[in-house]
Every structure is written in C-alpha cells, then in structure tokens.
Amino acid sequence: MAAALQAQRLFLTASTSSSPSSSCTARRPRRSTAAPCRAALRMPSGLQASPAATAPADLALKLDWIDARAGAPTAAAARDGTAGERLRAVADAAADRAEMHDIIGRQRDNWNHLLLHSTNSLALAASAMAALAPVAPPIVAALKASAGALLATAAVTMAAFNRIQPSQLAEEQRNATRLWRQLERDVSYRAAAGAVVTDADVQEAMDRVLALDAAYPLPLLPGMLEKFPKTVEPARWWPRRRPQPQPLRSRRSKSFGRRAGSSSNGWTSELEEEMRGLLRVLRAKDEHQYLTVGRLVLTLNRGLAVAGPALAGAGAVAAAFIGGGDAGGWASGAAVLCGALAAAANTVEHGGQLGMLFELLRNCAGFYRKVQEDIEAALGEADPERRENGEVFETKVALLLGRSATDLRQFREMASPSFRDEDIKDYAGKLF
C-alpha cells in the first residue's frame, strides 16, 4: 500500500513539474475535442514497501485511448441510410402503380369489346326493324318507334365511345405497366447493389415517377389524354434533363480530338461520328416515319368518329317518317342504310382499334426520341471521362435498335454535312 501511494506521488510530481505555472494561476478547465483515455498504473508483482523498490523504472503507465465515435453512425452514414429507404419507397410505389395500370388496362380492354358488340347490335337491330315496318302495317308504329329509339341510343353510345377511345386507353395502360415495371427493376437494383445511394439518385427516381404519372394518367375524366390532338407529338414518359454545370476542367475538353484510334473511357472519334450519324438517321427517318403514319391514322379515326354517330342520328330521324305514304318507303330505306353504315363505321374504328394504333405509333416515335436524347446527352458532355463508358453505351444503343454493335458503323458516313437527308435509305431501328 505504501508503495502504491509513493508511486502515485511520483506520478503527480512528474505531472506538476511539467507545468510550473499551474500552482500560481488557476485555470478554468477547457473542454477537449480529443478522444478520452483510460489510464491504468501497473506495478511489478512482489513489490515491497521499500524505497529502493519503488523507483520509477519499475512502474508502467498504460493508456487506452477510447474513440468516442467508434460504433456510432456518422451523419453521412445516416443520410445514406435515409436515401436508401427513400429509394426503396420509390420502388414499392412503382410496383403498386404497375399493378394498378395492369388492372385498369384489362378493364378498359373489356370496355372496347363490350361497347363494340353492343353498339353494333343496337344499330343492326334498328335497321332490321326499319326494314320490316312497311310490310307489317298492324305493328308499323311499334317497329318505327323501336327502330328510332335503338338508333338514337346507338348514336349517343357511339359519340361517348368515340370520345374516350377504349382501345387507346387500354394501349396506354399496357405501355404504362411495362414502363412502371422497368422503373421498379431499375430502382430495386440500384437500392440492392450495395453502392452508396445519394439524394441525387432519389431525386432522379422521383422525377421518373412524376414523368410517368403525367404521361399515362390513371383518371378517366378529368385528366385523360387528348384523343384527337391538333398536332401529333411523340409520347414522352421520361423527365427532361436538367442542364448540369460543367466544371472548368470539363469545359476544356479532354477529348481525343481528331486523333484516329485514340480512346478515352471507351470513346473514340470514330464512335462519336458513328453516334452523330445515327442521331441524324433517327431524326430524319425513324421518328419522322411514325409521326407521318400517326397523322394519317388520326385523320381516319377522326373522320370515322364523326361519321358513326352522325349516320346513326340520321337513321333515327328517318325512322320517325316510316309509314307516311310514299315518303314512308324512302324513310324506311334511309333508316336501314344509315344504321348499316353506322355499324360499319363503328366496326372499322373500334374493331380495327385505330385508337390503339395511333397510341402505338406515338409510343414508337417517343421510343426513338428518347434514344436521340440519350445520344445527345452523351455527346454533349465535353469530358469523355464523365460520360458512360463508350463501349457499354454503344452496346445499349445497338440493343435498343435491334442491331449489333458492328451494324452501327455504317452510320458513320452519315454524320458528314455533305451527306443529304434524301440519300438516307435505311432506317436505324430494326426492332419495330
């Protein structure tokens, strides 16, 4: 015990001797930002209460530094965990949206079949009654009234039917289901890949969700997409890219310039020319083709959408004059003809699913527009090191277009300004 007290006295004496002014001036203890420590004094075994045995050389001071931050999550780790949870919430919402669009798509496809057959049945039954009315004088009034009522109902049904275009609604939901499932896969893979999830990743996923909601709305009325737009534009289901500020080192492009064969992050001057030529072909041929055919389909659909209800309404008016002398025969024939033509127009429009065809053409044009914007975004980045790897990007574009990577080399010459759009004969896409 005496040895321990003497060792403690030696330790304190050494401490106070290092700061002689501590006994003269009382200082307020400062809060240290360093990690705390645990001190232990170890004495050799068999130490006796003898002055010779308590020399400082026989004593050992053990310091165990304690890291107060060990085991405690840092602010950055907490933010990463929150971002990961938010990204998983986006994936869950995308899965739910995909299920909703799938259910509603099947429902609206059923609408198309049911309304098509029921409206045609109304028009054809009314035509048969109008044809029988002149040869059945005892029941001519009943047949005339029935034919008029059925044709009027068919006209109203066709007008509502043509307004909402159920076949187009079903195609919207089918495409939306595919895109929501694609978004779910992308977000789920990103969240489960083990990489650090940032707020920028969450914001990008949220932008894609909002863009899909706007492109394919769930409500029927209001909020439904315009079925007969004045101008035909490609469908857009991806967010618009925000301009990224270029750092000074990126503005001074590290590109390989015109040195043939040089490569940076998989990008070569030949690959850039290849992408520029492909971009020109996509804009001049593929997208233009689908927009042109879409305008023709829209014009035909708009004409049939007006003709069907108009013919059925005219037949209902003609049925009111059946049985009135010489004019009654003409009225009966007019009612029969108008009812048959109304059923034919309705069959061509909805049996042929012109609304679905128009939406399909818009989606195909939108598909090629998205490929164009992806290429423009890659080429717009001055620093190749900040782009996606060139070989990977080329493979992705080739797969999207249904081609091999070597097939894309033929578009390299089309990037030249001397190559005219009229000389472009082939299409970039082979998938559809």
Practice task
Filter region 380-417 for residues that are in contact with a Phe, Trp or Tyr (Cβ under 9 Å, 6 or more places away or on another chain) and polar (S, T, N, Q) and give the result.
Solution key: Asn389
Exercise for the section: Answer yes or no as to whether Gly308 is closer than 30 Å to Glu233 by Cα and open to solvent by less than 40 Å² (accessible area, probe 1.4 Å). Expected result: yes
Handout entry: Lone qualifier among Leu361, Leu399 - being within 26 Å of the chain's Cα centre (by Cα) and open to solvent by 40 Å² or more (accessible area, probe 1.4 Å)
Key = Leu399
Problem - Residue count, region 115-142 (criterion: farther than 19 Å from Ala345 by Cα and surrounded by fewer than 24 Cβ atoms within 10 Å (Cβ to Cβ)) - result: 11
Exercise for the section: Scan region 372-394 for residues that are among the β-branched types (Val, Ile, Thr) and surrounded by 15 or more Cβ atoms within 10 Å (Cβ to Cβ) and report the count. Expected result: 1
Completion exercise
The residue from Arg409, Arg369 that alone is open to solvent by 20 Å² or more (accessible area, probe 1.4 Å) and closer than 20 Å to Glu233 by Cα is Arg369
Fill in the blank from the handout: Over region 143-163, the set of residues hydrophobic (A, V, I, L, M, F, W, C) and surrounded by fewer than 18 Cβ atoms within 10 Å (Cβ to Cβ) is Ala145, Ala149, Val156, Ala159, Ala160
Completion exercise
Given the conditions (1) touching a residue at least 12 places away in the same chain (Cβ under 8 Å); (2) within 12 Å of Pro166 (Cβ to Cβ), every one holds for Ala133 apart from (2)
Practice task
Filter region 180-204 down to the residues that are closer than 13 Å to Ala95 by Cβ and either touching a strand residue (DSSP E or B) at 6+ places or on another chain (Cβ under 9 Å) or not acidic (Asp, Glu) (or both), then identify the one that is surrounded by the fewest Cβ atoms within 10 Å (Cβ to Cβ).
Solution key: Arg185
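The values are calculated or read from the model by the stated rules, or taken from the named source; none is laboratory data. Model, not experiment: these values are computed from the prediction. Because the Cβ atoms are built from the backbone with ideal geometry, glycine has one as well, and the counts that use them run over all protein chains shown. These accessible areas exclude ligands, DNA and RNA; they are computed on the full protein's heavy atoms, side chains included. Shrake-Rupley method; radii C 1.70, N 1.55, O 1.52, S 1.80 Å.
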